[in-house]
There are 2 protein chains.
Amino acid sequence: MSATKARAKRQSPPLTVDPAALKTYVLEDQIGFLIRRAHQRASSIFDQVMDGFEVTPVQYSVLAKLHDLGPTSQNLLGRLVGIDPATMFGVAGRLTKRGLVSPSVDPTDARLVLLSLTDEGRGVAEAMKSRGSEVTARTLEPMTAEEARTLVALLAKIT
Amino acid sequence: MSATKARAKRQSPPLTVDPAALKTYVLEDQIGFLIRRAHQRASSIFDQVMDGFEVTPVQYSVLAKLHDLGPTSQNLLGRLVGIDPATMFGVAGRLTKRGLVSPSVDPTDARLVLLSLTDEGRGVAEAMKSRGSEVTARTLEPMTAEEARTLVALLAKIT
DNA sequence: TATTGTTATACTCTATAACTATA
DNA sequence: TATAGTTATAGAGTATAACAATA
């Protein structure tokens, strides 16, 4: 999730409270709480449907994007799927160690590490993509098709 | 997020693919991808608004729920906010070490560890709750009030 | 100067599995 | 038998900060 290290060590804000605000505040209605719970459920479904691939949701997003784009620099790839450089370093390393991805230096710009899918990586990416819609379907199963479209459209707004 | 250890070490599914499915599959439209991104953004806003408290979103959900309910068993509390027992053990330990929560054995059932807010914990819970609506507001800022209500209602369905 | 990537460091969350204690 | 909790173990993701290399 989130910035655990971002929490700087500073003095706490004053502990004064508006009592009126407390009454109407219901944890379960807060968007952050709901997103966290939905995230847990979506991840769990991903794990079930993608069982056997040994690839995490974040790793999958990298493979899928790489499959869309062809060889792409590590940094850009991370930006496209929402992974910061330090995290991407670890993700790329794990995918490389698994033999799904192969790094090389960009001939045009020696700073860039190009990531490419290996043959095995391409196979895994395609097999997982073909199951991707099942993950989506099962995650959205509790709602109608129209509700699902609405949810997707609204979520896209806060991304 | 998710079940990293749930990925059992088994043989991969066959790497056969329906080519037609690949074309219509857009990573950025998948509910799981959107939820992960939304989760990142919501967490980041939480970190900004709650800066100074040194409390993570998960820890906050425990404090808020404890403030709602009064002393509650560790296990039940975890179930209510979506934290499994092993994770809850760590979360409770960190909150206890911080002096925000205090554990005790339930007199009625010696298996239960009751968690209670300390005085400081109550102050922090109330101060954070009073800021909770700001987190929600800023997270939902890109949409109208009605869209926000719709999103919350739909997310509640997949929780 | 700005960007890309690397590395060290650290912490939270997550989960499985095996275990003890209690009901 | 079932439930609550503990503990060991493991790994992913996240981020900060400092740094080197390149543009």
Summing -39500 (n - 2.57) over the DSSP H runs of n ≥ 4 in the protein assembly as shown and dividing by its residue number, what mean residue ellipticity at 222 nm do you reach, to the nearest 500 deg cm²/dmol? -18500 deg cm²/dmol
Angle check, please: helix B:57-69 long axis (alpha carbons) against the longest principal axis of chain B (alpha carbons), in degrees 0 to 90, nearest 10. 50 degrees
For the pair A and B, how large is the buried accessible area, both sides, in square angstrom to the nearest 100, if the probe is 1.4 Å? 7200 Å²
With respect to the cross-link table entries A:K129/B:K157; B:K97/B:K157; A:K65/B:K65; A:K65/B:K129; A:K129/B:K129, which display a Cα-Cα separation exceeding 30 Å? B:K97/B:K157; A:K65/B:K65; A:K65/B:K129; A:K129/B:K129
For peptide B:146-153, the mean count of other chain Cβ atoms within 10 Å per residue Cβ is 5
When a/c reaches 1.5 or more, the comparison of a/b and b/c decides; with that in mind, is the range B:113-159 rounded, prolate or oblate per its Cα gyration tensor? oblate
Springs between alpha-carbon pairs under 10 angstrom, Gaussian network model over chain B: which of B:L27, B:L95, B:L140 fluctuates most? B:L27
Between beta-carbons, use under 10 Å as the cut-off and find the net charge around B:V81, counting Lys and Arg +1, Asp and Glu -1. +3
Name the residue, out of A:A38, A:A92, A:A64, whose mean-square fluctuation peaks in a Gaussian network model built on chain A with Cα pairs under 10 Å. A:A38
Can you find, among B:P57, A:L100, A:L66, the residue sitting farthest towards the positive end of the charge dipole of the protein assembly as shown, where Lys and Arg contribute +1 and Asp and Glu -1 at Cβ? A:L100
Using alpha carbons only, how many degrees (0 to 90, rounded to 10) separate the axis of helix B:119-139 from the longest principal axis of chain B? 30 degrees
In degrees from 0 to 90, rounded to the nearest 10, what is the angle of the helix B:31-49 Cα long axis to the longest principal axis of chain B? 40 degrees
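So if a site counts as exposed when it's one of the trypsin sites (Lys or Arg not before Pro), its DSSP state isn't H, G, I, E or B, and it has at most 11 other Cβ atoms within 10 Å, what's the longest stretch of chain A without one?
In chain A, the maximal stretch lacking such sites is A:11-110.
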Build a GNM of chain A with springs between Cα atoms under 10 Å: which of A:Q40, A:Q48, A:Q30 gets the top mean-square fluctuation? A:Q30
Partner shielding of B:58-69, taken as the mean number of other chain Cβ atoms within 10 Å, equals 3
Inter-centroid distance (Cα atoms) of the range A:68-85 relative to the range A:23-61, Å: 22 Å
Which shape class, rounded, prolate or oblate, goes with chain A when its Cα gyration tensor gives a ≥ b ≥ c as root eigenvalues, a/c under 1.5 marks rounded, and past that a/b bigger than b/c marks prolate? oblate
Hey, got the average number of other protein chain Cβ atoms within 10 angstrom for residues in A:115-128? 2
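The values are calculated or read from the model by the stated rules, or taken from the named source; none is laboratory data. The structure presented is a predicted model; accordingly, all values stated were derived computationally and were not measured. As a convention, Cβ positions derive from the backbone with ideal geometry for all residues, glycine included, and neighbour counts pool all protein chains shown. Side chains included, ligands, DNA and RNA excluded: accessible areas come from the protein's heavy atoms. Shrake-Rupley method; radii C 1.70, N 1.55, O 1.52, S 1.80 Å.
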